[in-house]
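First the structure, in the form of structure tokens, and then the observations on it.
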Amino acid sequence: MIFDPLYFVFLAPAILLGIYAQWKVISAYRRGHEFRTSSGLSGAEAAAVILRDAGVRNVAIEDVPGQLTDHYSPTEKVLRLSPEVFEGRSASSVGIAAHEAGHALQDAHGYPLLVARNAIVPLANFGSITGIIVIVLGFMLANAGLAWLIYVGIAIFSMTVLFQLVNLPVEFDASRRARKRLLATGVITVEEEPEVKKVLNAAALTYVAATLTSILTLAYYLFAAGRVNSSVDE
Ligand SMILES: [Zn+2]
């Protein structure tokens, strides 16, 4: 069951979209990094301008090692930017920094979907590993009359799907806020906005691929559970 080729048939659309999204991110980021904005602000400076403009004063901006490690921590009120984004003075750098600042604005304004996402995170982390373990146990013990465990596992795993479904509009909203705030604060011009948009759209596509992966994984397990149950019944 672990090496079921049907799993890859189910997952094929998500795998292909994932590969396309990765390629899109790499090419959009590379292109965006070559595009210097006329304001000349770094990612860290752009994020600071956006937060100050929105009256958010309790969020620290730090640099964090690695690539694409940029994130906002709502519990610590810290916006962490990778070196390339923190110091970079390109459309990519200010776009990614502004996206993370967008999450800080969501947090400051109590954006309901972000509140929901943060509440689901621990459940989703639990569900992704525990759910799969219970599902595999269910398959292994199906002949001992424990096939129902598969459905318990699927229910636990569905927490990660729920997380992805809530996360998607949160990410789109952060990018929408980013572009709006970058324009409003004059960090980028109307002419520069499409370059930033390309970078943010490419990043958004990776979230769409991740969501599709979790939905199709769930669909596969439901299908496989049905197959096991009908063979047990016979
Ligand atoms: Zn984000």
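The values are calculated or read from the model by the stated rules, or taken from the named source; none is laboratory data. The structure displayed is predicted, hence computed values, not measured ones. Positions of Cβ are generated from backbone atoms using ideal geometry, with glycine treated the same way; all protein chains shown enter the neighbour counts. Note: accessible area is taken over every heavy atom of the protein model, side chains too, but ligands, DNA and RNA are not part of it. Shrake-Rupley method; radii C 1.70, N 1.55, O 1.52, S 1.80 Å.
Here is a yes/no grid of residues against (1) of a type in the set (Asp, Glu); (2) outside any helix (DSSP H, G or I); (3) within 17 Å of the chain's Cα centre (by Cα):
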residue	(1), (2), (3)
Leu137	no, no, no
Ser158	no, no, yes
Asp173	yes, no, yes
Val187	no, yes, no
Glu195	yes, no, no
Ala210	no, no, yes
Ala219	no, no, no
Ala225	no, no, no
Which of the strands (runs of 3 or more DSSP E) contained wholly in segment 27-115 include at least 1 residues that are open to solvent by less than 30 Å² (accessible area, probe 1.4 Å)?
71-73, 78-81
Can you pull out every residue in segment 101-157 that is of a type in the set (Phe, Trp, Tyr) and more than 16 Å from the ligand (Cβ to nearest atom)?
Phe126, Phe139, Trp148, Tyr151, Phe157
In segment 175-195, what residues are within 16 Å of the ligand (Cβ to nearest atom), over 27 Å from Leu16 (Cβ atoms) and open to solvent by less than 40 Å² (accessible area, probe 1.4 Å)?
Ala178, Leu182
State which residue pairs qualify: first residue touching a residue at least 12 places away in the same chain (Cβ under 8 Å) and inside segment 193-212, second residue open to solvent by 60 Å² or more (accessible area, probe 1.4 Å) and within 14 Å of the ligand (Cβ to nearest atom) in any location, beta carbons under 8 Å apart, and separation of 6 or more residues or different chains.
Ala204/Phe172
Hey, can you tell me all the residues within segment 197-234 that are more than 15 Å from the ligand (Cβ to nearest atom) and within 13 Å of Leu11 (Cα to Cα)?
Leu212, Thr213, Ser214, Ile215, Leu216, Thr217, Leu218, Ala219, Tyr220, Tyr221, Phe223
Failed item, numbered, when Leu168 is tested on (1) at pLDDT 95 or above; (2) surrounded by fewer than 16 Cβ atoms within 10 Å (Cβ to Cβ); (3) within 16 Å of the ligand (Cβ to nearest atom):
(2)
Being buried (at least 19 other Cβ atoms within 10 Å of the Cβ), small (Gly, Ala, Ser), touching a helix residue (DSSP H, G or I) at 6+ places or on another chain (Cβ under 8 Å) and farther than 30 Å from Ala54 by Cβ is the requirement here; does Ala124 meet it?
no
